[in-house]
Amino acid sequence: MKLAARASRIVPSPTLSITATAKSMKAQGIDVIDFASGEPDFDTPEPVKAAAEAAIRAGFTKYTASSGIDELRSAIADKLKAELGLAYPKSQILVSCGAKHTLYNLAQALLEAGDEVIIPAPFWVSYRDQVLLNDATPVLLETKEADGYAISRAMLESCVTPRTKAIIVNSPGNPTGATYDRPTLEVIADFALRRDLIIISDEIYEKILYDGVTHISIATLGPEVAARTVIVNGVSKAYAMTGWRIGYAAGPKDLLTAMADIQSQSTSNPTSISQKAAVAALRMGETFPQQMVTEFDRRRRLMVERLNKMPGVSCRMPTGAFYAFPNVSGLLTRRHPAGPIDSPAALAAYLLKEAQVAVVPGEPFGSTHHIRLSYATGMEAIARGLERMEAALKKLT
Ligand SMILES: Cc1ncc(COP(=O)(O)O)c(C=O)c1O
């Protein structure tokens, strides 16, 4: 069969496929420790579940408005006004089936062949493939671990061409856990204004911050910046609701209208029940995410400290999200009996086989020096997994 060329431009999401492998090993009775999956291990909060149950009982199980129910769009508008001081009318808010779907609608509405999108690397795996799926070209802006993955004006200028259409900003970021400070966001905003670019601000980890760092949305840097920024967010990470599939966008009217039209011809509305659940989440206040962050913070310290004690491994302390992104360059000249550890992918395969520890190699994030470990898993599993990892690394020659 001759498939569309776009299908061969992309790979299946590597994070999802490693998580699936770990799950199937577990199902076979193998005691795998999963540091690969990108979701909080916390249960969805009770008030959210109760709202979903009530929705089912009330028969709220039919099609809804394609762009999302008014109640949810109002809750999102209220949140954006209260937390960012930005007022978006309902027509500029679109609810979709997860932030990944939001980003896909955005790519569909914005991009065409020849367009370029600047993606700071390391980057979340789907940015690149979604750009490719929409016939456009990802342009990677290489950032440096030693600089805390910061972005400078010179770096931005070196990536721009007359075809550049948009830039992705992901702070707090996956996989690095890095956050951009205000001066960095100001440089990006000024660059986008001068080059007439759309800013795609993925703020899905906004609530997961440590060490007193506060979230700054680039859209808050002035009305002219907000006018060209699409805020992408959702309830997956902040409310432990990854399976419910609710994400949203707020941004310029023309773009949001096009995204809504595309959604109306593809998925239609996100699940009615999940929408009611998301209203409850957004109206819950800060207690739940704060409790999660307090726990993630303990795990973050334990994981980073342990990783830094392993020979050949060095790990920055992340200031956001729930990932450690250790540099493993020091291991990439080693061997195990079945072959060399010459890449993060080889190391990840070795750790899964030898230690039954699932990690994601850096390559799909745009790094040949790192692996990603999620600490959104229990303290006990972290301690046991890192012990096994250390023992496996000691066997390398
Ligand atoms: C940076 C980033 N953006 C977006 C998403 C997608 O989130 P959702 O579950 O809402 O689709 C993820 C999920 O891993 C992510 O890490």
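Listed values, structure above:
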{"quantity": "Order by protection proxy (mean Cβ within 10 Å, highest first), peptides 194-203, 244-253", "calculated": "244-253, 194-203"}
{"quantity": "Pair Asp43, Asp135: separation of 7 Å Cα→Cβ label points (nm)", "calculated": "4.9 nm"}
{"quantity": "Shape category assigned to the range 37-90 from the gyration tensor of Cα positions, a/c cut at 1.5", "calculated": "oblate"}
{"quantity": "Residue-averaged 222 nm ellipticity for the chain, from DSSP H runs of 4+ at -39500 (n - 2.57), nearest 500", "calculated": "-12500 deg cm²/dmol"}
{"quantity": "Kirkwood Rh in Å, taken over the chain so that all alpha-carbon pairs contribute", "calculated": "21.8 Å"}
{"quantity": "Dipole of the chain, positive end: most advanced residue of Gln28, Ala346, Ala240 [Cβ charges, Cα centre]", "calculated": "Gln28"}
{"quantity": "Two-site label geometry, Met1 and Thr21: point separation in nm, points 7 Å out along Cα→Cβ", "calculated": "2.6 nm"}
{"quantity": "Cα centre as origin, Lys/Arg/Asp/Glu Cβ charges: the range 46-282 dipole, Debye", "calculated": "640 debye"}
{"quantity": "From the C-alpha gyration tensor of the range 113-202, square roots of 5λ in Å", "calculated": "19, 16, 11"}
{"quantity": "Label-point gap, in nm, between Arg301 and Ser13 - each point 7 angstrom along Cα→Cβ", "calculated": "3.2 nm"}
{"quantity": "Formal net charge of residues neighbouring Ser96 (Cβ-Cβ distance under 14 Å; K, R +1; D, E -1)", "calculated": "+1"}
{"quantity": "Members of Lys26/Lys49; Lys353/Lys394; Lys26/Lys100; Lys49/Lys253; Lys62/Lys90 lying beyond 25 Å, as alpha-carbon distances in this model show", "calculated": "Lys26/Lys49; Lys26/Lys100; Lys49/Lys253"}
{"quantity": "Order of Ile231, Ile216, Ile18 under a 10 Å beta carbon neighbour criterion, fewest first", "calculated": "Ile216, Ile18, Ile231"}
{"quantity": "Charged-residue dipole, Cβ positions (Lys, Arg, Asp, Glu), the chain about Cα centre, Debye nearest 20", "calculated": "700 debye"}
{"quantity": "Calculated FRET value between Ser343 and Ser266, using beta carbons and R₀ = 45 Å, to 0.05", "calculated": "0.75"}
{"quantity": "Using alpha carbons only: equivalent-ellipsoid semi-axes of the range 46-282, gyration tensor based, whole Å", "calculated": "30, 20, 16"}
{"quantity": "Neighbour-count ranking [beta-carbon atoms within 10 angstrom, fewest first] of Met317, Met1", "calculated": "Met1, Met317"}
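Read-outs throughout are calculated quantities, based only on the coordinates presented, and are distinct from any laboratory measurement. Being a predicted model, the structure only gives us computed values, none of them experimental. Cβ: placed from backbone, ideal geometry, glycine included. Neighbour counts: every protein chain shown.
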